[in-house]
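See structure below.
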Amino acid sequence: MRFIVSAIAFLVLLSGCASSSSAYKESFSEVHFSSDLKKILVIGTDKYSYEFDVPAPLSQVINSPLKDGMSLLFPNDGVIAFEVKKDGAISGSFSVVLPDSFFQGRESMRKVAESIGFSHGKIYSLKGRVQVVRDGESIPRYVTWSDADAEKYTKKLGGVFFLPVSITGRRFDDKKPVAMQRVDFQKLDQRYTVVVVDGQTTKVDLLGPSAAIAGGSICAAAWPICLVAALPMMGMKP
């Protein structure tokens, strides 16, 4: 019976080992397109660059007159924009935005945008963070905001057509892959600081959050420590 109790205690100690992906912030203010318009390159301010395949909806936009009026809207600071897998593959999202003013006198272009998948909405600034809201949907607000806060800090910036885009690609350790030569770039309306979840760098919490081990190790690496801690409960000495 004592052995069973000790074994259970040992397993409880091991259950304190939990791994999770780390995250970091990346800043950029423009994106680059390859000469064949099939790749997008985002160059971070630190040591990484991110190369994405151009998805079909975005390809339709950049190969049409809509490209002249488009801007790209990435998730704001504090919101996950990219997620890196263990093998280096990366996924992310942003929105292609076309202001209402672009379609003045261009009704045919509006029909082209709608056929690609653009929806109409309004763009708001929420205490400095830009958010697109589809027509008919409620305006987002921070949970801690009172009605007075929402009125004070929410600013309508105008009507837009927008297209949410999902992208996949790879992350590189250098600033620019050799095969990715810039021939065109899209200047963004602002410098973005986005959150990147890094699946290639994990942290292991051993026996609680106060004993975090950074790096790609897994709980097995902490096995000797867990074992030594469990020995007294099993009537043994380390």
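Taking 0.36 nm per residue of sequence separation and removing the Cα-Cα distance, the Asp135/Lys38 pair yields an extension gain of 31.8 nm. The label-point distance for Lys47 and Ile80, in a model that sets each label 7 Å from Cα toward Cβ, rounds to 2.4 nm.
Averaging over all projection directions, the Cα-based convex hull of region 107-149 occupies 4.2 nm² in the image plane.
Spin-label model, Lys111/Ser91: points 7 Å from Cα along the beta carbon direction are separated by 3.6 nm.
Annotation: amide H-H contacts under 5 Å for Lys39 (H modelled 1.01 Å from N, sequence separation of 5 or more, or interchain): Ser34, Val54. The simple Förster model, with R0 at 41 Å and r as the Cβ-Cβ distance, assigns Lys127 and Asp68 a FRET efficiency of 0.85. Net charge of the neighbourhood of Gly117, taken over other residues with C-beta under 14 Å away and scored Lys/Arg +1, Asp/Glu -1, is +2.
Modelled spin-label separation between His120 and Lys25, with each label point placed 7 Å from Cα along the Cα-to-Cβ direction: 3.7 nm.
Read-outs: derived from the displayed coordinates by stated rules, not from any lab. Nothing here was measured: the structure is a model prediction, and the numbers come from that model. As a convention, Cβ positions derive from the backbone with ideal geometry for all residues, glycine included, and neighbour counts pool all protein chains shown.
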